[in-house]
Amino acid sequence: MATVLDVFLWLIFPYICLTIFVLGHIVRYRYDKFGWTSRSSQMYEDSILRWANPMFHFGILAVFVGHVMGLGIPQSWTDAVGISHEAYHFMAISVGALAGVFTIVGLIGLLYRRRFTKLVLGATTKMDKLMYLMLGIVILSGLVNTGSGAVGDYNYREGVSVWFRSIFYFNPRPELMPDAPLSFQIHALAAIALFALWPFTRLVHAFTAPLGYFFRPYVLYRSRDAHEGSRARRRGWDKVDTIPRRR
Amino acid sequence: MKVMAQMAMVMNLDKCIGCHTCSVTCKQVWTNKSGAEHVWFNNVETRPGQGYPRTYEDQDKWKGGWTLNKRGKLKLKAGGRLKNLATIFSNPNLPGINDYYEPWTYDYENLTTAPAQDHMPVARPKSLLTGENTEITWSSNWDDDLAGSVEHGHNDPILKQVGDKIKFEYEQAFMFYLPRICEHCLNPSCVASCPTGAIYKREEDGIVLVDQDRCRGWRQCVTGCPYKKMYFNHKTGKVEKCTFCYPRIEIGQPTICSETCVGRLRYLGLMFYDQDSVLEAASTTDEHGLYEAQRDVFLDPKDPEVIRQARLADIPEDWIEAAQRSPIWSLINEYKVALPLHPEYRTMPMVWYIPPLSPVVDAVSETGEDAERKDNLFAAIDRLRIPIEYLAGLFTAGDTAPVDKVLRKLAAMRSYMRDINMGWETNESIAEAVGMTGQEIKDMYRLLAIAKYDERYVIPPAHYEDAHKLENIATECSLNVDGGPGMGGMDASFGADPNMGADPGVSSYNGPARPEGVRINLLNWNGQGTPDGLFPDGNDKP
Ligand code: HEM
Ligand code: SF4
Ligand code: SF4
């Protein structure tokens, strides 16, 4: 039986955070496009960023793909195509650990330069600090999970994953989480909290990854007509017509 | 043929006195804000010198612009699309803040708050990035007037090409100023290297702009631009660039740098070009052919076929007429005295330069010879190989022939006009020596030396029937956000001012109307004409 606290932690809190995540992004994209950037600090410091930032990003993108597979694909599907539990487990742990280590080493590099390069420190906001704190907790606890997966016997694909998917089916099953190991609980809660923080941090840049670059011509032309101070005209703000004066 | 119109600029380097007024007024208008301290849309470099940011012309290092691949096709020097995205997490060719300079201010407060003491209190320089005491070691024009060039001069990438033959001993030095803005290229590599597609070239006038709402700060365009005229704003995390003062151009006014240029050396006007032939011209195999190739892309605005095509392309009549009067067309394609800056970058730049004759003139006068005699000047052009190779390194990818030709024309104009000014008999052979007629020389002289405001700036306003679509008349300026390029600079009245263009002799920003009986406030007078209230009307009591 799930207690009130369990229902709050594994049902109410996730929905609150995910709502903030979705609405936050919509509102920010609509009203603060100008603030939508990765706020690169490469101009300030280059020698650490040069290795740390690619390591962190390639790592975290691999981790992301791993999560899509681990959380998103039900065990019954992989069973159906004949991937044995052991094979899946081995692959998840090894690739996951590699990506995790990449991420964490990159993160340490990034944090080091954030703290000890004066120029970068000077450009660090409170939000950055909060974001890094949450990011650090999520990544560290995640790595612990991967490690415990190698030695422990908790099958997250029958627990946490099912709970996670159940949220998106709008058929939440909070009772699955109290049995999960503590590190999984911390990881899940911190990640959910990070989602709530996401739209208000520089992390928004991840959602505008410029994949369109592959499909557009090199040189772009735009007519003055096509845009207006680069923002679409809002309802009720149509301009007063001007009388043609000359041609 | 697809006719496109392009707003273009020519600068006559002989007249630049290196006063930096253009840089200062430009900064005041566009980049006087935190995060953009190092951003100089307009900067003036002393050449020989490293330029700004330091050694930006060394493309082996910075990888700006285009090159040809093995099959002779254009590719971005920094690499193709895949490489661009693969290096997005850390751009391997990005200038750091120290390639510009660390912005600073002074601790002025100390001057008034320091306790009584034996020594004068000082205002120490403080870094604007860390807030700590700093040493000023570089700036946007640190090597102004060859300052420190004994130490740094050999870093000039163009000098390296010429082969270090120029000595920096004071007596032998030659120098001139090179004011630079964004080139508003026909084949802009900045646009091509923006992963998001936030940079665009305006269809109407070819001005290259960054959409501040779409820029995500991936900073790949900073590398893409070989002229390093894409600047990363380190506060907003977005890239900003020279706007060609489009809000002014749209209402027929020259850019701020042109308007305030002390030497009156800037020319603005339209160029028509054939968009279909840009890529082919930019792919010309021989670097020395790029200058001519770009000239061939331009279309003669008086050619009936071009006019017909221009109309088909919806270019308004007054724009066609403005293109026919364009001083840019005359300087580039009729007199052929203007040259592009670094055509070898293959971006097809649209701010061109008339190279300076002054190193030659100075060299002749130093010998005590007559520096206005054609033969002396021509002989000096033949003799002074180093300055000419240097100029060729800037303007013609190292080909000295076109530079030679231009300098000869300028020298011929100098001696031909001297005869006229002295009341001597004109000597047509001088004109013939450079393949011109006396009349052509006189016309060129007029354009270069005495052309008035409306001959130097031939700017057709954007179309009024389009006016409700123009950015600067929007009820709310989209650039007016904290840290944005407009940042409170413009308000709704700008451009919508009914007095605009009426030449009232009074600045249109004159605030409240003149109250009854009050004479004009001279601070608002722009120096032209005699507006009401300038002089007493007789009824005024003395
Ligand atoms: C998917 C596409 C992504 C792209 C193209 C991308 C690109 C970038 C770029 C260009 C920077 C600026 C680096 C600099 O010059 O200072 C950056 C910074 C950063 N990114 Fe991403 N990113 C992506 C996804 C993500 C994701 C999924 C996360 C985290 C969950 C993330 C976290 C960060 C953080 C924390 C920084 C700040 C690094 C620092 O300066 O301390 N990014 N990213
Ligand atoms: S000079 Fe201007 S238009 Fe040309 S590549 Fe650089 S920023 Fe772009
Ligand atoms: S204002 Fe004119 S004369 Fe002065 S530095 Fe600028 S371009 Fe040269």
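The values are calculated or read from the model by the stated rules, or taken from the named source; none is laboratory data. Bear in mind that the values here come from a model prediction, so they are computed numbers and not experimental data. Heads up, the Cβs are rebuilt from the backbone with ideal geometry, glycines too, and the neighbour counts pull from every protein chain shown. For accessibility, only protein heavy atoms count, side chains too; no ligands or nucleic acids. Shrake-Rupley method; radii C 1.70, N 1.55, O 1.52, S 1.80 Å.
Return the total of residues in the range B:1-20 being in a helix (DSSP H, G or I) and either within 16 Å of ligand 1 (Cβ to nearest atom) or not hydrophobic (A, V, I, L, M, F, W, C) (or both).
Count: 2.
Residues of the range B:2-27 being touching a residue at least 24 places away in the same chain (Cβ under 8 Å) and open to solvent by 30 Å² or more (accessible area, probe 1.4 Å), which ones?
B:K2, B:D14, B:K15, B:I17, B:C19, B:T21, B:T25
Give me the strands (runs of 3 or more DSSP E) completely within the range B:53-152, filtered to those with at least 3 residues that are within 14 Å of chain A (Cβ to nearest Cβ) and acidic (D, E), ordered by residue number. Before the answer, list the steps.
Numbers: elements: B:66-68, B:74-76, B:104-106, B:125-127.
Here the list is empty.
Is there any pair linking a residue in the range B:435-455 that is closer than 16 Å to B:I420 by Cα to one that is acidic (D, E), with Cβ under 7 Å and at least six apart or on different chains, and which?
B:G438/B:E428
Between B:R71, B:R47, B:R54, B:R81, which is in the same structural domain as B:W319 (by TED's automatic domain parsing), within 25 Å of B:I354 (Cβ to Cβ) and of a type in the set (K, R)?
Numbers: B:R71 fails: within 25 Å of B:I354 (Cβ to Cβ); B:R54 fails: within 25 Å of B:I354 (Cβ to Cβ); B:R81 fails: within 25 Å of B:I354 (Cβ to Cβ).
Answer to the check: B:R47.
Could you pull out the residue among A:L220, A:L203 that is within 11 Å of chain B (Cβ to nearest Cβ) and in contact with a helix residue (DSSP H, G or I) (Cβ under 8 Å, 6 or more places away or on another chain)? Before you say what the answer is, go through the steps one by one.
Values: A:L203 fails: within 11 Å of chain B (Cβ to nearest Cβ).
The unique qualifying residue is A:L220.
Does B:D118 qualify as being away from ligand 2 (no atom under 16 Å from the Cβ), under 27 Å from the mean Cα position of the chain (by Cα), open to solvent by 50 Å² or more (accessible area, probe 1.4 Å) and over 23 Å from B:M348 (Cα atoms)?
no
Out of (1) more than 23 Å from B:C16 (Cβ to Cβ); (2) in a helix (DSSP H, G or I); (3) at pLDDT below 95, the odd one out for B:P461 is which?
Only one criterion is unmet by B:P461, namely (2).
Regarding the range A:5-26, can at least one residue be identified that is farther than 16 Å from A:W198 by Cβ and either touching a His at 6+ places or on another chain (Cβ under 9 Å) or within 14 Å of chain B (Cβ to nearest Cβ) (or both)? Can you show your working first?
At the first step, the residues of the range A:5-26 found to be farther than 16 Å from A:W198 by Cβ are A:5-12.
Subsequent filtering for residues that are either touching a His at 6+ places or on another chain (Cβ under 9 Å) or within 14 Å of chain B (Cβ to nearest Cβ) (or both) retains none.
No: zero hits.
Looking at A:I60, A:I12, A:I16, A:I48, which one is under 22 Å from A:A190 (Cα atoms), surrounded by 15 or more Cβ atoms within 10 Å (Cβ to Cβ) and away from ligand 3 (no atom under 16 Å from the Cβ)?
A:I60
Can you pull out the residues in the range A:157-183 that are open to solvent by less than 20 Å² (accessible area, probe 1.4 Å) and part of a helix (DSSP H, G or I)?
A:R157, A:V160, A:S161, A:W163, A:S166, A:I167, A:P174
So which residues in the range A:22-45 are open to solvent by 40 Å² or more (accessible area, probe 1.4 Å) and of a type in the set (A, V, I, L, M, F, W, C), if there are any at all?
Passing the criteria: A:V22, A:L23, A:I26, A:V27.
What about B:G197, is it under 21 Å from A:F207 (Cα atoms), within 16 Å of ligand 1 (Cβ to nearest atom) and assigned by TED's automatic domain parsing to the domain that holds B:C19? Don't jump to the end; show me each part of the working.
Numbers: under 21 Å from A:F207 (Cα atoms): yes; within 16 Å of ligand 1 (Cβ to nearest atom): yes; assigned by TED's automatic domain parsing to the domain that holds B:C19: yes.
Considered against the rule, which asks whether it is under 21 Å from A:F207 (Cα atoms), within 16 Å of ligand 1 (Cβ to nearest atom) and assigned by TED's automatic domain parsing to the domain that holds B:C19, B:G197 comes out as yes.
Could you tell me whether B:D419 is without any contact (Cβ under 8 Å) to a residue 24 or more places away in the chain and closer than 20 Å to B:V360 by Cβ?
yes
In the range B:50-60, is there at least one residue being away from ligand 1 (no atom under 16 Å from the Cβ) and closer than 30 Å to A:F58 by Cα? Please lay out each step first, then the result.
Let us first name the residues in the range B:50-60 that are away from ligand 1 (no atom under 16 Å from the Cβ), namely B:50-60.
Retained after the next criterion (residues that are closer than 30 Å to A:F58 by Cα): B:59-60.
Yes, some residue in the range B:50-60 is away from ligand 1 (no atom under 16 Å from the Cβ) and closer than 30 Å to A:F58 by Cα.
Whether any residue in the range B:10-22 is of a type outside the set (K, R) and within 16 Å of ligand 2 (Cβ to nearest atom) is what I want to check.
Yes: the range B:10-22 contains one or more residues that are of a type outside the set (K, R) and within 16 Å of ligand 2 (Cβ to nearest atom).
If B:D144 meets every condition in (1) within 16 Å of ligand 1 (Cβ to nearest atom); (2) open to solvent by 10 Å² or more (accessible area, probe 1.4 Å); (3) on the phi < 0 side of the Ramachandran plot apart from one, which number is that one?
(1)
If you take the residues in the range A:83-126 that are within 14 Å of chain B (Cβ to nearest Cβ) and not in a helix (DSSP H, G or I), which one is nearest to ligand 2 (Cβ to nearest atom)?
Filtering first and then ranking leaves A:A123.
Go through (1) touching a strand residue (DSSP E or B) at 6+ places or on another chain (Cβ under 8 Å); (2) of a type in the set (A, V, I, L, M, F, W, C); (3) in a helix (DSSP H, G or I) one by one and return the number of the condition B:A379 breaks.
(1) is the only condition that B:A379 fails.
Could you please tell me which pairs satisfy a Cβ distance under 8 Å, a separation of 6+ or placement on different chains, a first residue in the range A:51-78 that is away from ligand 1 (no atom under 16 Å from the Cβ), and a second residue that is open to solvent by 40 Å² or more (accessible area, probe 1.4 Å) and among the aromatic types (F, W, Y)?
As it stands, the answer is A:G70/A:Y156, since those pairs meet every condition given.
Suppose the filter is at pLDDT 95 or above, part of a helix (DSSP H, G or I), among the aliphatic types (A, V, I, L, M) and away from ligand 2 (no atom under 16 Å from the Cβ); does A:L71 pass it?
On the way: at pLDDT 95 or above: no; part of a helix (DSSP H, G or I): yes; among the aliphatic types (A, V, I, L, M): yes; away from ligand 2 (no atom under 16 Å from the Cβ): yes.
Spelling it out, it is not the case that A:L71 is at pLDDT 95 or above, part of a helix (DSSP H, G or I), among the aliphatic types (A, V, I, L, M) and away from ligand 2 (no atom under 16 Å from the Cβ).
Quick check: is even one residue across the range B:21-35 assigned to a loop (DSSP other than H, G, I, E, B) and away from chain A (no Cβ under 12 Å)?
Among the residues of the range B:21-35, at least one is assigned to a loop (DSSP other than H, G, I, E, B) and away from chain A (no Cβ under 12 Å), which makes the answer yes.
Can you name the residue in the range B:224-250 that is open to solvent by less than 10 Å² (accessible area, probe 1.4 Å) and among the β-branched types (V, I, T) and, of all such residues, is farthest from the chain's Cα centre (by Cα)?
If we take residues in the range B:224-250 being open to solvent by less than 10 Å² (accessible area, probe 1.4 Å) and among the β-branched types (V, I, T), then B:V239 is farthest from the chain's Cα centre (by Cα).
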